[in-house]
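A.B. asks: Encoded as structure tokens, here's the structure I'll be asking about.
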Amino acid sequence: MEVKDLHVSFDTYGGEVKAIRGVNFDLYKGEALAIVGESGCGKSVTAQSVMRLLASPPVRYKQGSIIFEGQDILKKTEKQMQAIRGNDIGMIFQDPMTSLNPTLRIGNQIAEGLRKHKKLSRHQAQKAAIEMLELVAVAQPDKRVNQYPHEFSGGMRQRVMIALALACNPKLLIADEPTTALDVTIQAQILDLLKDMQKKLGTSIILITHDLGVVSKMCDRVVVMYAGQIVESGVIDDIYYAPKHPYTKGLLNSVPRIDMDREKSLTPIVGTPPDLFNPPAGCPFYARCKDAMKVCQQHQPVMEDMGNNHCAACWLYHPLAQAAGK
Ligand code: SF4
Ligand code: MG
């Protein structure tokens with residue numbers, strides 16, 4: 001998949017919210033990519049644009065394209081999207097209760113997609129649903145398949161969601177904060193399960209999270225978003241051990257890491273992200289950045305390539321700033 005110069009806005013009573021402002025990234029076959037940032041940075045909006053799930057407030061895809069397997073998602077009709085959602089692209093959310101139907105047995109919910117997209121008979125779909133539950137390690141799947149969502153614990157419900165999202169063997173799975181509502185032990189189990197499924201089924205994954213801590217376990221590459229833009233991207237080790245953008249450094253200093261000295265205190269990033277009704281002319285991180293220079297306030301930094309596909313949008317890495325010894 002190739003996201004090119006994506007601009008997404010919402011029309012609200014207060015005016016136009018410029019939620020996504022020029023996002024570019026690629027996702028390769030079988031790859032797990034993380035999109036990381038604070039809430040409101042546009043990571044969920046990016047993911048939901050890929051699924052074309054955004055409806056209200058009125059959304060405008062103002063510019064750019066999302067090329068999935070050679071075709072632009074943004075040019076598809078709603079009918080064409082219905083054939084893609086759940087079949088070519090699956091999605092799991094933070095809270096499975098919002099996406100599972102409380103009044104339907106979970107077997108029927110998993111079977112629904114299989115009957116619609118894969119044209120399985122009722123009997124075949126039920127059998128496949130049991131196999132999916134088994135695959136995501138739900139015990140006694142032949143009994144559980146007839147139960148309702150409320151009969152499952154939070155962690156088990158997320159397993160059911162994963163089974164549902166993967167039932168049609170999608171090429172891409174989008175997981176939006178899939179473990180945020182779960183406690184730490186269950187979180188780790190769900191991440192292991194996702195990683196395992198990715199290996200078994202060869203699915204590409206986009207993992208959306210505010211928590212850089214969960215990324216290292218399962219992703220190959222990371223995209224860091226801030227105020228509707230990508231500020232840094234690279235392979236996991238470069239982002240973890242050699243972050244370049246002051247915002248990424250701030251994020252890493254504000255989350256607990258197993259590889260860091262336990263004594264080292266965590267420092268939150270001071271301040272708040274800019275107003276997306278009126279995004280700043282210069283660097284979006286300017287107001288919170290300890291390293292800000294004069295140029296940062298007036299001019300948007302461009303992406304500088306550091307090698308190994310590691311890029312950061314920050315004036316500090318511009319050749320002129322480097323030459324001036326910044
Ligand atoms: Fe800080 Fe300037 Fe870099 Fe923005 S461009 S992150 S303000 S140094
Ligand atoms: Mg979100």
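Throughout, read-outs are computed from the coordinates displayed, never taken from laboratory work. What you see is a predicted model, and the numbers here were worked out from it, not measured in a lab. Methodologically, a virtual Cβ is constructed for each residue, glycine included, from the backbone with ideal geometry; neighbour enumeration extends over all protein chains shown.
A.B. asks: Bin all alpha-carbon pair distances of the chain at 20 Å intervals from 0 and give each bin's fraction as a whole percent.
C.D. replies: 30, 55, 14, 1
A.B. asks: Give me 7, 150 ranked fewest to most by other Cβ atoms within 10 Å of their Cβ, as a rough exposure proxy.
C.D. replies: 150, 7
A.B. asks: Normalised by the residues of segment 181-326, what does the relative contact order come to in percent, with Cα pairs under 8 Å and at least six apart?
C.D. replies: RCO, segment 181-326: 18 percent.
A.B. asks: Quick one: net charge around residue 181, please, counting Lys, Arg +1 and Asp, Glu -1 for every other residue with C-beta under 13 Å from its C-beta.
C.D. replies: Taking every Cβ under 13 Å from that of residue 181, the sum is -4.
A.B. asks: What's the angle, to the nearest 10 degrees (0 to 90), between helix 184-201's Cα axis and the longest principal axis of the chain?
C.D. replies: For helix 184-201, the angle is close to 80 degrees.
A.B. asks: Can you put 283, 314 in order, fewest other beta carbons within 10 Å first?
C.D. replies: Ordered from fewest to most neighbouring Cβ atoms within 10 Å, 283, 314 come out as 314, 283.
A.B. asks: Using alpha carbons only, how many degrees (0 to 90, rounded to 10) separate the axis of helix 154-166 from the longest principal axis of the chain?
C.D. replies: With both axes taken from Cα atoms, the answer is about 90 degrees.
A.B. asks: Taking a cut-off of 19 Å, what percent of all Cα-Cα pairs in segment 144-247 are separated by more than that?
C.D. replies: 49 percent
A.B. asks: For the chain, which longest stretch is free of loop sites, where a loop site is one of the chymotrypsin sites (Phe, Trp or Tyr not before Pro) that DSSP puts outside H, G, I, E and B and that has at most 14 other Cβ atoms within 10 Å?
C.D. replies: 29-276
A.B. asks: Give the list, by residue number, of cysteines in the chain with no other Cys Cβ closer than 4.7 Å, or say none.
C.D. replies: For the chain, the answer is 41, 168, 219, 289, 311, 314, because their Cβ atoms have no other cysteine Cβ under 4.7 Å.
A.B. asks: What is the fewest-to-most order of 184, 59, 302 by other Cβ atoms lying within 10 Å of their Cβ?
C.D. replies: 184, 302, 59
A.B. asks: What are the trypsin sites (Lys or Arg not before Pro) within segment 198-296 that DSSP puts in a loop, where the Cβ has at most 16 other Cβ atoms within 10 Å?
C.D. replies: 257, 262, 264, 290
A.B. asks: Something else about it: DSSP loop (so not H, G, I, E, B), at most 16 other Cβ within 10 Å: list which trypsin sites (Lys or Arg not before Pro) in segment 60-96 pass both filters.
C.D. replies: 76
A.B. asks: If you don't mind, there's one more thing I want to ask. Select from 201, 235, 114 the residue farthest towards the positive end of the dipole of the chain; place +1 on Cβ of Lys and Arg, -1 on Cβ of Asp and Glu, and compute about the Cα centre.
C.D. replies: 114
A.B. asks: Still on this structure: Cα to Cα, under 17 Å, and not fewer than 8 places away if on the same chain: which lysines meet these conditions relative to residue 294?
C.D. replies: Within the straight-line cut-off, residue 294 pairs with 326.
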